1. Please give the number of the condition Ala322 fails out of (1) surrounded by 14 or more Cβ atoms within 10 Å (Cβ to Cβ); (2) within 30 Å of Glu6 (Cα to Cα); (3) not basic (Lys, Arg).
2. Tally time: how many residues in region 362-372 are of a type outside the set (Gly, Ala, Ser) and more than 44 Å from the chain's Cα centre (by Cα)?
3. Looking at Ile209, is it in contact (Cβ under 8 Å) with a residue 12 or more places away in the chain and either more than 20 Å from Thr21 (Cα to Cα) or hydroxyl-bearing (Ser, Thr, Tyr) (or both)?
4. Going through region 288-340 one residue at a time, which ones are in a loop (DSSP other than H, G, I, E, B) and either under 26 Å from Leu48 (Cα atoms) or of a type in the set (D, E, K, R) (or both)?
5. Just checking, how many residues over region 211-224 are in contact with a strand residue (DSSP E or B) (Cβ under 8 Å, 6 or more places away or on another chain) and either part of a loop (DSSP other than H, G, I, E, B) or open to solvent by 30 Å² or more (accessible area, probe 1.4 Å) (or both)?
6. Against the condition charged (D, E, K, R), at pLDDT 95 or above and either open to solvent by 30 Å² or more (accessible area, probe 1.4 Å) or over 22 Å from the mean Cα position of the chain (by Cα) (or both), how does Glu305 come out, does it pass?
7. Out of curiosity, is Asn428 within 34 Å of the chain's Cα centre (by Cα), free of Cβ contacts under 8 Å to residues at least 40 places away in the same chain and closer than 13 Å to Phe375 by Cα?
8. Go through the residues of region 172-182 one by one and say whether even a single one is open to solvent by less than 30 Å² (accessible area, probe 1.4 Å) and among the β-branched types (Val, Ile, Thr).
Amino acid sequence: MKNLIEELRWRGLVHDMMPGTEEQLCAEPTPTYIGFDPTSDSLHIGSLVPIILLMHLNRYGHKAIALVGGATGMIGDPSGKSDERNLLDEATLDKNVAGIRKLLSRFLDFDSTKANAPILVNNYDWMKDFSFIHFARDVGKRITVNYMMSKDSVKKRLTAEGNGMSFTEFTYQLIQGYDFYHLHKHQQCLLQMGGSDQWGNITTGTELIRRMNGDQSKAFAMTCPLITKADGSKFGKSEGGNVWLTADKTSVYKFYQFWLNTSDADAERYIKIFTFLDQATIESLIAAHQETPDLRVIQKRLAAEVTTLVHGEAALQKAIDASQILFGNTNTDALRGLDAETFLDVFEGVPQAEISKESLTEGIDIIALLAQSGFLASNSEARRALKENSISVNKSKVSEGYTVSLTDLLNEQFILLQRGKKNYFVVNVQ
């Protein structure tokens, strides 16, 4: 077996690791699981790290097990939280589990016939018929309260840093630990991976396996760092909130722009973590970037690689085309190729005005539209700008006498006015 840990180490993806983990992964194909909490029907880019870990496992010949927490999602993981989570109802939870299953299937081929084919499991399948009495006898008896209270996720909530913890959340680590035990027994799973905030929950699982199966039972734990920005602030949020992995929550254009706008220091770390480019390629990109940082070669390659990974090559090209509309020489056809959501994303923050669709039936003189929409201050300023040949409608230059009509509508709703290179105005036709 090739050394996966060596690969993850240079990429900055190793935080904590139990003794023997590296040796185990080098010795034989090792079934390994990572859990995903179904708090939404999608995942944001913070969850891209564990997805990439599963993909690395698969590429190195190990069996990747993705667990969707249909049962644990009913409780809520207290790790890293200062307050009690709101409980989800069953219908919402089912919707979220289905959404995450669909999303994970884009990255891992669960239909593969290979010996190390990845599998997708839901812990609700083995927890739903587990009575409280049996859980208390079979699982609760094995782990002491002292052991559970020694975990950071518990200690922080029981001190001044938190507002206490319910019994429900206190039991979370036992349920997650039982997941590891169940997968160890039925899928020969020997390793659990997760973010560094999961170390306490994961090690509870290894302890439970030893206490239920005997001290000689092999079980390992490894965590990766929680990704932050270079300034220490939280990774994965834009001005509009979380950056999601599905286009219905974060458009491909905004997703692409998030990575494109990464700082230099972050881009050098992120291209190791979020892409599968080899070490030589990444080192040459970093060297090229340091020579000419204004060209932003790392950010462009990072944005292209991650957008392709998550959304595909066709979606990447659309995002690049959309980006060129504001900053490059594009034409009306490029504008017409944008869907309504991407159009609004591209021109977010650009001044807008509304007019009625009926007013375009017979057409509006360009001078009247420029002045009455509020884009230009008056008819005389509109005439002056037209004589200077500085006015464009949908990226096409127009002159005095032009009539704006229904045929100018983009997506049957928008008209883009422009003066010079950078002065834009959107007319929203209702």
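1. (2)
2. Going through region 362-372, the residues of a type outside the set (Gly, Ala, Ser) turn out to be 362, 364-367, 369-370, 372.
Add one more test, that the residue is more than 44 Å from the chain's Cα centre (by Cα), and what stays is 362, 364-365, 367.
The qualifying residues number 4.
3. On the way: in contact (Cβ under 8 Å) with a residue 12 or more places away in the chain: yes; either more than 20 Å from Thr21 (Cα to Cα) or hydroxyl-bearing (Ser, Thr, Tyr) (or both): no.
In short, no.
4. First, the residues of region 288-340 that are in a loop (DSSP other than H, G, I, E, B): 292, 296, 312, 328-331, 337-339.
Of everything in region 288-340, those that are in a loop (DSSP other than H, G, I, E, B) and either under 26 Å from Leu48 (Cα atoms) or of a type in the set (D, E, K, R) (or both) turn out to be Arg296, Gly312, Asp339.
5. Here is the first cut: in region 211-224, the residues in contact with a strand residue (DSSP E or B) (Cβ under 8 Å, 6 or more places away or on another chain) are 219-224.
The next check asks that each one be either part of a loop (DSSP other than H, G, I, E, B) or open to solvent by 30 Å² or more (accessible area, probe 1.4 Å) (or both); those that pass are 219.
Number satisfying all stated conditions: 1.
6. On the way: charged (D, E, K, R): yes; at pLDDT 95 or above: yes; either open to solvent by 30 Å² or more (accessible area, probe 1.4 Å) or over 22 Å from the mean Cα position of the chain (by Cα) (or both): yes.
Taking the combined requirement at face value, the residue satisfies it.
7. Values: within 34 Å of the chain's Cα centre (by Cα): yes; free of Cβ contacts under 8 Å to residues at least 40 places away in the same chain: no; closer than 13 Å to Phe375 by Cα: yes.
For Asn428, the condition - within 34 Å of the chain's Cα centre (by Cα), free of Cβ contacts under 8 Å to residues at least 40 places away in the same chain and closer than 13 Å to Phe375 by Cα - is not met.
8. The answer is yes, given that some residue of region 172-182 is open to solvent by less than 30 Å² (accessible area, probe 1.4 Å) and among the β-branched types (Val, Ile, Thr).
The values are calculated or read from the model by the stated rules, or taken from the named source; none is laboratory data. Keep in mind that what you see is a predicted model, and the values were worked out from it rather than measured. FYI the Cβ positions are ideal-geometry reconstructions off the backbone, even for glycines, and counts take in every protein chain you see. SASA here: full protein model, heavy atoms, side chains in, ligands and nucleic acids out. Shrake-Rupley method; radii C 1.70, N 1.55, O 1.52, S 1.80 Å.
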